[in-house]
Amino acid sequence: MPPLPAEAARRLAHLLAEVERLSGTFVGYPCSQDFECPEIMPFLRFALNNVGDPFSESLYRENTFAFEREVVAFFQRHLRAPDGETWGYVTAGGTEGNLYGLYLARELYPDGVVYFSEHTHYSAAKIVRVLGARSIMIRGREDGEIDYDDLRETIRLHRDVPPIILANIGSTMHGAVDDLAKIRALLKELAIARHYIHADAALSGMILPWVPEPQPFGFDAGVDSVAVSGHKFIGSPMPCGVVLARRSHVDRVARSVEYVGCMDTTIAGSRNALTPLILWSALQRRGETGLRQRALACIAMADYAISRFKAAGVPAWRHKNSVTVVFPRPGADVIAHWQIAPRNDIAHIITMPQVTREVVNAVVADVVRSLRRGSPKPSRL
C-alpha cells in the first residue's frame with residue numbers, strides 16, 4: 001500500500017485527539033468504552049465476511065461462523081431460550097435486530113398490525129415504513145412504560161387482525177421495562193390466539209440476566225424474538241448486536257443461495273465478521289462472573305448519581321435494574337458538553353462502566369448550576 005499523504009495523516013491525528021478529548025465527557029448514551037481487543041488487530045489484514053447463515057457452511061470460507069455460533073449460544077442461554085428452539089446471528093446493532101424481528105412477524109402475519117409505545121426507539125417508525133407494515137403508536141406512561149389500557153383498547157378495536165407488539169425491555173429515555181406478563185394477560189383476556197411479541201432489549205437484555213430479581217425479559221416470558229446490542233453493556237469499538245428468534249419463524253424466510261453455498265436467513269448479505277470475534281473475546285475475558293459484577297457496579301453507580309442529585313435538590317430517579325438516571329433537562333451548553341440525551345423536559349445519563357464518581361460529581365455540579373442560574377459554563381474534569 002502507498003503511504004498515507006501527510007495531510008491525510010494530519011487529519012486522522014486531529015480526529016484521534018478530538019475523540020480522546022470527547023471520551024471523558026460521554027455520559028448520555030449507552031455505549032461502554034472500557035473494552036480492549038488487541039487480539040483482533042491481526043484479522044484486519046483479511047477480507048473476512050460472514051455472508052449467510054452462521055449455522056451453515058459457506059463457499060466463502062474466510063469467515064468467523066464458529067465464533068459467531070458461540071456468541072449466539074451465550075445469548076440464547078442467558079435470554080432463556082429453550083434448547084434447540086431458537087436461532088440467531090450477530091447484527092450491525094439494535095435497529096437491525098428490531099427490523100429482523102418485525103420482518104419475521106410480518107412474514108408470519110402479513111395482515112398484522114404493529115403496536116409500539118411512544119417511548120419506543122425512533123427506529124420503530126422507520127422499520128414499519130421499510131416493511132410496509134400497518135402500525136399504531138400506543139400512548140406511553142409518564143415513567144416510560146407502555147400504557148396497557150390504551151394497548152388493550154386499541155387491540156380490542158382491531159381484534160380481527162393479529163397484533164405484532166414491539167415491547168421495550170429498557171426504553172430509550174427512561175430505561176423502562178414493559179410488563180410482558182400484563183401484555184400476555186390482555187391478549188388472553190381478548191382471546192387473541194394469533195399474535196407476535198418482539199422485545200427490544202438493546203441495553204437491558206445483557207443487564208437483566210445478572211441481577212438478583214430481573215423483570216421478565218426473555219423467551220420464558222413469551223417473546224417470539226429479541227434484539228440486544230453488543231456495543232452497549234458488553235462493549236465494542238463498532239456497533240453490533242445479537243438477534244434471536246424462534247426457529248419455526250426463521251424457517252419461513254430461509255432461502256438457499258447457490259452463489260455462497262449456504263442458506264440466506266439474515267437481513268444483510270455481507271456481514272461484519274470482526275464483531276463476532278470482538279464479542280466472543282469480551283465474553284471470554286469477562287465470563288459470567290465478570291458480567292455480573294459489571295452490571296451490579298453500573299447499577300450502584302446509578303444509585304450514587306441519584307443520591308448526588310437529590311443531595312443537591314434535583315429530583316432524579318431510575319427504574320428497577322436500570323442504569324438510566326432521569327432528571328430535569330439542563331441548559332443546551334451542559335447537554336452539549338456532556339453529550340447528554342434530552343427529550344422534552346427531561347434528560348438522562350447512563351452509568352456505563354467508564355462513568356466514574358468523579359465524572360458523576362462533575363455532571364451533577366453542572367446540571368445543578370444550569371438549573372439554578374440558567375446554563376453557566378460547564379465544569380472541566
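To keep it simple, each residue is scored yes or no on (1) over 18 Å from the mean Cα position of the chain (by Cα); (2) β-branched (Val, Ile, Thr); (3) in a strand (DSSP E or B).
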site: Leu244; (1), (2), (3): no, no, yes
site: Ser256; (1), (2), (3): yes, no, yes
site: Ser270; (1), (2), (3): yes, no, no
site: Thr275; (1), (2), (3): no, yes, no
site: Ser281; (1), (2), (3): yes, no, no
site: Leu291; (1), (2), (3): no, no, no
site: Ile299; (1), (2), (3): no, yes, no
site: Pro315; (1), (2), (3): yes, no, no
site: Ile335; (1), (2), (3): yes, yes, no
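A quick yes/no check of all residues on (1) in a loop (DSSP other than H, G, I, E, B); (2) within 21 Å of Leu277 (Cβ to Cβ):
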site: Leu44; (1), (2): no, yes
site: Val51; (1), (2): yes, yes
site: Phe55; (1), (2): yes, yes
site: Ser58; (1), (2): yes, yes
site: Val71; (1), (2): no, yes
site: Trp87; (1), (2): no, yes
site: Leu104; (1), (2): no, no
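Filtering the range 81-92 for residues that are within 30 Å of Ile155 (Cβ to Cβ) and either surrounded by fewer than 17 Cβ atoms within 10 Å (Cβ to Cβ) or over 23 Å from the mean Cα position of the chain (by Cα) (or both) leaves a non-empty set.
Looking only at the range 263-296, filter to residues that are of a type in the set (Lys, Arg) and out of contact with any Phe, Trp or Tyr (no Cβ under 8 Å at 6 or more places or on another chain); which one of those is farthest from Thr324 (Cα to Cα)? Here the answer is Arg285. Condition (residue is surrounded by fewer than 21 Cβ atoms within 10 Å (Cβ to Cβ), out of contact with any Ser or Thr (no Cβ under 6 Å at 6 or more places or on another chain), among the aromatic types (Phe, Trp, Tyr) and in contact (Cβ under 8 Å) with a residue 24 or more places away in the chain) applied to the range 299-316: is it met by at least one residue? Yes. In the range 96-128, the qualifying residues are those that are over 23 Å from Arg139 (Cβ atoms) and among the hydroxyl-bearing types (Ser, Thr, Tyr), and the one that is surrounded by the most Cβ atoms within 10 Å (Cβ to Cβ) is Tyr100. Thr266 falls short of the stated requirement of being touching a strand residue (DSSP E or B) at 6+ places or on another chain (Cβ under 9 Å), assigned to a helix (DSSP H, G or I), among the β-branched types (Val, Ile, Thr) and within 29 Å of Ala105 (Cβ to Cβ).
Okay, residues lined up against (1) in contact with a Cys (Cβ under 7 Å, 6 or more places away or on another chain); (2) under 28 Å from Ser32 (Cα atoms); (3) surrounded by fewer than 23 Cβ atoms within 10 Å (Cβ to Cβ):
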position: Lys182; (1), (2), (3): no, no, yes
position: Ala185; (1), (2), (3): no, no, yes
position: Ala191; (1), (2), (3): no, no, yes
position: Ala202; (1), (2), (3): no, yes, no
position: Val211; (1), (2), (3): no, yes, yes
position: Pro214; (1), (2), (3): no, yes, yes
position: Phe217; (1), (2), (3): no, yes, no
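Each reported figure results from applying straightforward, stated rules to the coordinates on display, with no laboratory input. Bear in mind that the values here come from a model prediction, so they are computed numbers and not experimental data. Because the Cβ atoms are built from the backbone with ideal geometry, glycine has one as well, and the counts that use them run over all protein chains shown.
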